[in-house]
Amino acid sequence: MDSNDNLRHHRVRIAHRIHDLLLLELGEDMDVSLMLGPPEYARAVLSLCRSCGSAELTRLVEQFLLASDQATRLQRPLTPPDFGSPSDWAPHLPPLSESLGEGAAGTPR
């Protein structure tokens, strides 16, 4: 199992625990698969967890956010590709007039 799979599994476990505690403590049901999907749904559930006053739900919110943040960082490249500067490309590019299909003195060919 790679890091991304571990984080995904961890988020699923946290979401199930949040589901169980919300049912037990507040009688509120939530959809675990939606919790792992659109961020708007997760934000609403996490907001409910924070506002209910349960220390365990608050702790689970922090764990879920941390795992989600780590998963997002794993999906993004660490550094953008380095294409160099335009001056590095200049020796390898044809003159602009050739690129535009123009002849001498800027007249169309």
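Of the helices (runs of 4 or more DSSP H) entirely within segment 16-80, those holding at least 1 residues that are surrounded by 13 or more Cβ atoms within 10 Å (Cβ to Cβ) and within 14 Å of the chain's Cα centre (by Cα) occupy 39-51, 55-75.
Cβ separations smaller than 7 Å between residues 6+ apart or across chains give the following pairs from segment 14-42 residues that are under 14 Å from Thr58 (Cα atoms) to residues that are among the small types (Gly, Ala, Ser) and assigned to a helix (DSSP H, G or I): Ile14/Ala67. The set of residues from segment 43-53 being within 16 Å of Ile14 (Cα to Cα) and modelled with pLDDT under 95 is empty. Exactly one residue out of Leu57, Leu36, Leu78, Leu22 is in contact with a helix residue (DSSP H, G or I) (Cβ under 9 Å, 6 or more places away or on another chain), of a type outside the set (Gly, Ala, Ser) and at pLDDT below 95, and it is Leu36.
The values are calculated or read from the model by the stated rules, or taken from the named source; none is laboratory data. Computed from a predicted structure; not experimentally measured. Note that each Cβ is placed from the backbone with ideal geometry, even for glycine, and that neighbours are counted across all protein chains shown.
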